[in-house]
Amino acid sequence: MTELTREQVIEALRPVYDPELRRSIVDLGMVKDVQIDQGCVRVHVELTTPACPLRAQIQRDVHAAIEQLPGVQQVEVTFGARVRAAGTGMPDRQPIPGVKNTIAVASGKGGVGKSTVAVNIAVALAQDGASVGLLDADVYGPSIPLMMGTRARPMLENDKILPVEAYGLRIMSVGFILDPEKALIWRGPLVSQLVRQFLHDVVWGELDYLVIDLPPGTGDVQLTLVQQIPLSGAIIVTTPQDVALADAIKGLQMFREVKTPVLGIVENMSYFICPHCGERSDIFGTGGGRRTAERYDVPLLGEIPIDPLVREGGDTGQPIVLAAPESPTAQAFRDAARRAAGRLSIEAVRKPRRPVLMLRRS
């Protein structure tokens, strides 16, 4: 029997596609190592994000592709991850050094749980193994310090701000600087200056994702953000009722106008499951987020149920993905985070490449 070769294994894997990127894992450079030890084939696959939502499917497809080769008795698949930067094609905007992807979490109106979504998505990405930062840009209502359970003061080093760390995240918020009982009474230009400082004067270090919790609406902070840095994508948070959806659509359209990809919609407070009888109640209506996602051709990243543990976690500084990781609500947040990461991987693959000068021989 002819001995199995590495080239044969690679060719067998060529028809295996990344389900989201819709390209061969071989052509994408995701197959990083192939080892053959008699009848055992070991393959190392490098995912485009540690929060890959379809890792299990890729593993099954790799197994199936290799098992059909003659002489294969055992297949072992291991995974690594290297997050790629999603490009925006806007060279006039200054990227944050070391930060591969910036994710804006926005809502058209207040009271929809936007900060809760931002916190739990950031923590979920970190739990999956990504390096994550969290910027509280909601300067008039900074709630991230409370939700993350820390009141530490950021330190200065060489005239740069060192972010606070909690739950494996690097965090910055005006709430770390101001007295928590005092209001920020600043006009737009000062707020814009503060946001610019948080973007460029904070030592964020090497991050796969910087999650940015925006204030509600489409005001100064949003405009400063989209003018200053090349945003990788935006997540729109809403609740099911029409009054919230109408404002969410305005936020979605704003990001489209400034050429920022909308990664999808998160419908928060989607429904309530009675802990006593198990009956579902659609307190704020049903299906609004899904209909809006379909209408505007963006993904529905998740439908997050109403859960008292979310409120408790927010008050005690323990996000539900940490405090109750097995709960359906925590799983819904993790699924939303992984879908958003998957969408960013798609944007990274679509990233425009620099034109190559082709020289013709005379």
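Taken together, the values in this text are just the output of simple stated rules run on the coordinates, not laboratory data. Remember, predicted model here, so these are calculated numbers, not experimental data. Cβ atoms come from the backbone with ideal geometry, glycine included; neighbour counts cover every protein chain shown.
Here are a few things to note about the model shown:
- Annotation: the residues Met148, Met254, sorted from fewest to most other C-beta atoms within 10 Å of their own C-beta, follow the order Met254, Met148.
- Whole-Hz couplings from phi, Karplus 6.51/-1.76/1.60, listed for segment 190-204; x for Gly and Pro: 5, 5, 4, 5, 5, 4, 4, 5, 5, 7, 10, 10, 9, 7, 6
- Radius 9 Å from Cβ of Thr48, net charge of other residues (Lys, Arg +1; Asp, Glu -1): -1
- Subtracting the Cα-Cα distance of Ile10 and Asp315 from their residue separation scaled by 0.36 nm leaves 104.6 nm.
- Net charge contributed by nearby residues that have their C-beta within less than 9 Å of Gly288 (K/R +1, D/E -1): 0
- Per-peptide average of other Cβ atoms within 10 Å, ordering 12-24, 225-237 highest first: 225-237, 12-24
- Among Lys182, Lys114, Lys250, the largest mean-square fluctuation in a Gaussian network model of the chain, built with springs joining Cα atoms closer than 10 Å, belongs to Lys182.
- Proxy reagent accessibility, fewest Cβ within 10 Å first, across Asp179, Asp136: Asp179, Asp136
- Net charge of neighbours whose Cβ lies under 15 Å from the Cβ of Arg256, counting Lys and Arg as +1 and Asp and Glu as -1: +1
- Assigned charges on the beta-carbon of Lys, Arg, Asp, Glu; segment 99-338 dipole about Cα centre (debye): 440
- Listed candidates (i) 54, 45, 37; (ii) 59, 40, 38; (iii) 78, 69, 40 - label of the one calculated as Cα extents along the principal axes in Å: (iii)
- Within a Gaussian network of the chain (alpha carbon springs, distance under 10 Å), most fluctuating of Ile144, Ile249, Ile177: Ile177
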